[in-house]
Amino acid sequence: MNKPIPYGKQNIDEDDIKAVLEVLKSDFLTTGPKIKEFEDELCRYLGVKYCVAVSNGTAALHLASLVLLNKEDKVITTPNSFLATSNAILYVGAKPVFVDICEDGNVDLDLCEEELKKDSSIKAIYAVHFSGNPINQEKLKHLRDSYGVKILEDCAHSLGANFEDIKAGSSANSDCSILSFHPVKHITTGEGGAITTNDEEIYEKLLELRTHGMVKNSSMKPWEYEMHSLGFNYRMTDFQAALGISQLKKLDIFVSKRKSLAKKYDEMFSGTFVKPLYGFKKNSSYHLYVLRVDFSKLNITKEQLFLKLREKNIALQLHYIPINKQPFYKNLGYGSEKTPIMDRYYEECFSLPMYPSLNVEEQEYVIKTLFEALNA
Ligand SMILES: Cc1ncc(COP(=O)(O)O)c(C=O)c1O
């Protein structure tokens, strides 16, 4: 195969390009009408009251953390995520508490409860719906109701997923959810993110923080504004929002393509020594397709596998290196938590190409090349 096969990529069509061009020819490149339109469309799709579009998912996590947390707050989170999830806890001077994962890659909510029982000073949980597989919402609700903790759902992987009739990102059992529109995600705005909430006070605060902490109202003089908090410029541009609106129209098609790819991968690996992270889940939106292999039983290491497939133009990825074991976190005293499931998962996991435009021929080439390398 001459064309490189990445692990994830965007899907842009002529309608998307037209939507962006229209804004580029208009009066507003930023702070115009497309932002509110995109936010309203996301609210409608997700069934949530409020949405604030921002410059990326990390900015979304930062603003949500400024609203939800205080300095020194302890916050339970997962080692199995992109760095941004727990970095945002550190940004505001709060303290991540890493809890082990379940075999499906999501944080173990029973262990979270044990932690809450042991330590009543824990203030919040940051839960990631890893790979697009939604966390159990009933358990999340139970923890929120029983222990009074704040909940943030990191839905960077899970737009288009649902737990029964609850859509990931609807914040039905949480204070906030965050989304990312990076090109490998379900829809893209180049860089981009959003925070959703059903709480008006949180919403107002997020709007303020997105633009420097500035407040304007009708009783002020035309030029006047007041700064009420130390905010940021985390605004999304209007042409990005226009791309988001256009992409959102195709989200359900993108997710169903991802599910078809997952089904095909599942079928091809069924009964072999290559294990999908979980059996087919119709509620997962399959941001990632993760495999587990016990490399100690094979003649090839994970590093050799990555290099071999790279030679064949296939880019594998790994989600994730345990965050608590990163040098920066180790310097803060993390890294020795008991996380046996995460540790074994990290040894075994890698992610295969997964994006809507991956065609049958390419997917079959990935599977064939993978087996050739693993069986060598
Ligand atoms: C789980 C998770 N949270 C947050 C982020 C941060 O999003 P962004 O890259 O848009 O800043 C990512 C990005 O990959 C992610 O995977």
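Hey, could you check segment 189-207 for residues that are open to solvent by 40 Å² or more (accessible area, probe 1.4 Å) and either more than 12 Å from the ligand (Cβ to nearest atom) or of a type in the set (Ser, Thr, Tyr) (or both) and say which is farthest from Val67 (Cα to Cα)?
Only one residue tops the list, namely Asn198.
Among the residues of segment 216-232, is there at least one that is surrounded by 15 or more Cβ atoms within 10 Å (Cβ to Cβ), closer than 18 Å to Cys43 by Cα, within 16 Å of the ligand (Cβ to nearest atom) and not aliphatic (A, V, I, L, M)?
No, segment 216-232 contains no residue that is surrounded by 15 or more Cβ atoms within 10 Å (Cβ to Cβ), closer than 18 Å to Cys43 by Cα, within 16 Å of the ligand (Cβ to nearest atom) and not aliphatic (A, V, I, L, M).
Can you find a residue in segment 121-135 that is more than 11 Å from the ligand (Cβ to nearest atom), within 23 Å of Ala262 (Cβ to Cβ) and either charged (D, E, K, R) or in contact with a strand residue (DSSP E or B) (Cβ under 7 Å, 6 or more places away or on another chain) (or both)?
yes
Which numbered condition in (1) in contact (Cβ under 8 Å) with a residue 40 or more places away in the chain; (2) closer than 25 Å to His182 by Cα; (3) touching a Phe, Trp or Tyr at 6+ places or on another chain (Cβ under 7 Å) is the only one that Thr339 fails?
(2)
The values are calculated or read from the model by the stated rules, or taken from the named source; none is laboratory data. On a predicted model such as this, the values are computed, not experimentally measured, just so you know. As a convention, Cβ positions derive from the backbone with ideal geometry for all residues, glycine included, and neighbour counts pool all protein chains shown. Only protein heavy atoms, including side chains, enter the accessible area calculation; ligands, DNA and RNA are left aside. Shrake-Rupley method; radii C 1.70, N 1.55, O 1.52, S 1.80 Å.
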